[in-house]
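First comes the structure, then the notes that go with it.
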């Protein structure tokens, strides 16, 4: 079976000092700008949650009620984070998790809206 992949081409090139020629980096998402330690903490939080909730339990969320619960949790963890509450929980990572889940649910709810 032949795969139909192609190389995208903006037509712009950058030549580096070594002579390497690459596609220009204009307007491309630069994930290296994200703090890797914070992303690691978020992944660690989710990994710890596997034993308590299951691997992808949060992905089952799809209702306004669940969205509201995740928003409430995000805000509670944000207040604990901003107040530097040290109680053994990673409140910063919990904020990331809850906001990401709210955004996932919002996408599901908007997808299910019917426009007439």
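Every condition in (1) touching a helix residue (DSSP H, G or I) at 6+ places or on another chain (Cβ under 6 Å); (2) in contact (Cβ under 8 Å) with a residue 24 or more places away in the chain; (3) surrounded by 16 or more Cβ atoms within 10 Å (Cβ to Cβ) holds for residue 46 except the one numbered (1).
Does residue 7 count as exposed (fewer than 10 other Cβ atoms within 10 Å of the Cβ), part of a loop (DSSP other than H, G, I, E, B), free of Cβ contacts under 8 Å to residues at least 60 places away in the same chain and touching a strand residue (DSSP E or B) at 6+ places or on another chain (Cβ under 9 Å)? It is true that residue 7 is exposed (fewer than 10 other Cβ atoms within 10 Å of the Cβ), part of a loop (DSSP other than H, G, I, E, B), free of Cβ contacts under 8 Å to residues at least 60 places away in the same chain and touching a strand residue (DSSP E or B) at 6+ places or on another chain (Cβ under 9 Å). Going residue by residue through region 105-114, is there one that turns out to be part of a loop (DSSP other than H, G, I, E, B) and at pLDDT below 95? Yes - at least one qualifying residue is present in region 105-114.
Only one of 26, 90, 37 is over 23 Å from residue 108 (Cβ atoms) and at pLDDT below 95. Can you tell me which? Just a single option satisfies the conditions, and that option is 26. Of the residues 85, 14, the single one that is free of Cβ contacts under 8 Å to residues at least 24 places away in the same chain, surrounded by 12 or more Cβ atoms within 10 Å (Cβ to Cβ) and not in a helix (DSSP H, G or I) is 85. Taken over region 46-60, residues that are more than 13 Å from the chain's Cα centre (by Cα) and more than 20 Å from residue 108 (Cα to Cα) amount to 8. Among residues of region 88-116 being over 18 Å from residue 40 (Cα atoms) and touching a helix residue (DSSP H, G or I) at 6+ places or on another chain (Cβ under 6 Å), the one that is surrounded by the most Cβ atoms within 10 Å (Cβ to Cβ) is 105.
The values are calculated or read from the model by the stated rules, or taken from the named source; none is laboratory data. For clarity, every value in this text was computed on a predicted model and none was experimentally measured. We place every Cβ from the backbone using ideal geometry, glycine too, and count neighbours over all the protein chains shown.
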